Amino acid sequence: MPADTDLRAAYRLCRRMTRGQDPETYALIRLLPAALHEAGWALWAAVSAIDDLIDDRDVAAAERAARAEGWIAALEDDLVSGTSTDPIRLALVDTATRWHVDVSALRDGMLVSLDDAHLRHFDDWAQWRTWSRGHVVPTFDLVRSLLGRAGVPVVFRMDRQMSYERFLDGVRLVETLTDLADDLDEAGLLLPREFVEQFPGAEDDLRHRRWTEAAAALVVELTGIARRWVTQPGLTHGMHPGPATVVKALTDLLLAQLDAVETAGPALLRSAARPSLATRARIFVPARIRSALAWSLTPVTVPSVPRRPTATGPRTTAPLTPGTTTFQRPPGHPSGCRPPQIGPEAMPTHVAIIMDGNGRWAEHRGLPRSEGHRAGVAALHEIVYGALEIGLPHLTLYAFSTENWRRGMAEVTGLMDTLQKELADDPFRDLDVRMRWSGHPEKLPADLVESLRHKEATTRTRTGLTCTLCLNYGGRDEITRAAAALARAAKAGDLDPDFIGEDDVARHLSFPDMPSVDLLWRTGGEQRTSNFLPWHATYAELHFTSGYWPDVDRRDLWRAITEYGNRQRRYGTAGPRSAPATGRGTGAGRQAAGGVINRAQ
């Protein structure tokens, strides 16, 4: 327990709030290691504090949003100072400090909640899922981070990515159904319009608290969808029995909540539907026994850092307050050169790079191959800087393939160590770069996987360059896993196998929103694509260069993009070659671009 009187009181308050206002979540937190209970209460209380400010119906929407923004801004200052006059923020600051977790990940959920101060409307399920995951994912990510800090990493299998996401969608849909009466008090129906319109008259009936045949049919259909989403076979496969018990209990609780929704009938429009005390006991009593056994056999790491430190350095996380996040420009090239001016019609959306030649670069210098990977990090920085300067939206880098495990142990270990150090140094922290990872965690060091996931979570809301690192990735493997996911969806009745199209396949890839590759560039003198993004690179323009990756800098990227702009892309058409667009194929344009990016030999 905390030694400080104020801190003890703060955690007691968070505990009382959690237990009194959300007994189900309180019971779930008790399934975590005892050392994490305080952190769980603090996280729940912080999210609840924002929700309470936003849901205060005695205050106008603009004032509610302003109050919530003020609370978030105060939390930002408290994280810097290491203390707070608000007990909930004090507990959260202590949790962040003691467990070394970046609670700025809560910003995503908080910003979504701020938008909820105004009515939300969704045209389709895609918009609804974006909103849903903005609410749910940050909290789940923080719990995963806490478990990782306690020495119990929760590693998600990439072939189950769709299952994880669908499960979290189910969590939000169950909450929406459970709290339907509260949402209707705000005249809001947090459901996609494309779905509601399938039940003519149901929306108006629900808004006016009329339990009609159309309203009942809508609720029945939604509970069926929610049941399918939260029932994901294999979700906990390979997971530590402690977290697996928590997920199993959560699944059982969600299904029990859906049972309560189904039996509530017209009462659903007057009050929240909750499972009975006896039902909750049937779920949580055996879960407590299983979790106690699991944690008794698991050494849990409890940090020993001092509590309540005073911040002495600059802030290292992006501000929480909406609209205040500012990013630095990337450092300029030492030569002072600037990127060429390329029109939007000649700019690729997505450049993918096979970073080849690190090992050979080192061997030619009489160095271990692992030194080549360390040298390649500087080139990676250069390419990211150049992509930001020229305005490239998507950059995907091939760092380590599923076939690269055949290399020597010393080289593989050196590469993994280099990647882990790179993530720890966080060189793009102050840049508008969203980091993503494509691959799967099998064989990778657990701490590296956790760092990759953390980087994804903390940069999720950035809107500049999306940089995807392909690590332990294989293109055929990605497609095979997508096919397996499609088969599971067809078996579950979510898809008709006779009508599966390209869009369905794309939705089951690692990143359904990843655009097609426009330009695929490989360094190192080889001229093959090596199982890299076969689905996305079907129509990619290919660009091969002989130099080794460590010798590359941003001017090479600009040269490749300039060359891309001079190519004519037909996409299978057989017509005559059209004239190049202005600025793409003229001699003057090429000369100007070449003058800017020409490298000294």
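Here are the numbers for the structure shown:
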| quantity | calculated |
| --- | --- |
| Peptides ranked, highest mean first, by Cβ atoms within 10 Å: ranges 496-508, 203-215, 270-282 | 203-215, 270-282, 496-508 |
| Cross-link pairs Lys248/Lys443; Lys248/Lys455; Lys248/Lys491 - those with Cα-Cα distance over 24 Å | Lys248/Lys443; Lys248/Lys455 |
| The chain, relative contact order in percent, only Cα pairs under 8 angstrom and at least six apart counted | 14 percent |
| Cα gyration tensor shape of segment 249-292, rounded if a/c is under 1.5, else prolate or oblate by comparing a/b with b/c | prolate |
| Solvent-free Debye scattering, log10 I(q)/I(0), computed from the Cα coordinates of the chain at q = 0.05 Å⁻¹ | -0.25 |
| Relative contact order for segment 175-251, counting Cα pairs under 8 Å that sit 6 or more residues apart, in percent | 20 percent |
| The chain, helix-only ellipticity at 222 nm - DSSP H runs n ≥ 4, -39,500 (n - 2.57), divided by all residues, nearest 500 | -16500 deg cm²/dmol |
| Charge sum, other residues only, whose C-beta stays under 15 Å from Leu388's C-beta, Lys/Arg counted +1 and Asp/Glu -1 | +2 |
| Debye, to nearest 20: dipole size of the chain, +1 on Lys, Arg Cβ, -1 on Asp, Glu Cβ | 1640 debye |
| Top positive-direction residue, dipole computed over segment 182-261 with Cβ charges, set Ala256, Leu222, Gln198 | Ala256 |
| 5 angstrom amide H check on Glu541, placed H, neighbours 5+ away | Leu519, Leu520 |
| Most to least packed among 178-184, 144-150 [average Cβ atoms within 10 Å] | 144-150, 178-184 |
| Segment 121-302 - Kirkwood radius from inverse mean 1/r over Cα pairs (Å) | 17.8 Å |
| By average C-beta atoms within 10 angstrom, highest first, the peptides 243-254, 357-368 | 243-254, 357-368 |
| Reciprocal of mean inverse Cα separation for segment 344-501 (Kirkwood radius, Å) | 17.4 Å |
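Values quoted throughout were computed directly from the atomic coordinates according to the rules given, and no laboratory measurement underlies them. Computed from a predicted structure; not experimentally measured. Please note: Cβ atoms are built from the backbone with ideal geometry, for glycine as well, and neighbour counts cover all protein chains shown.
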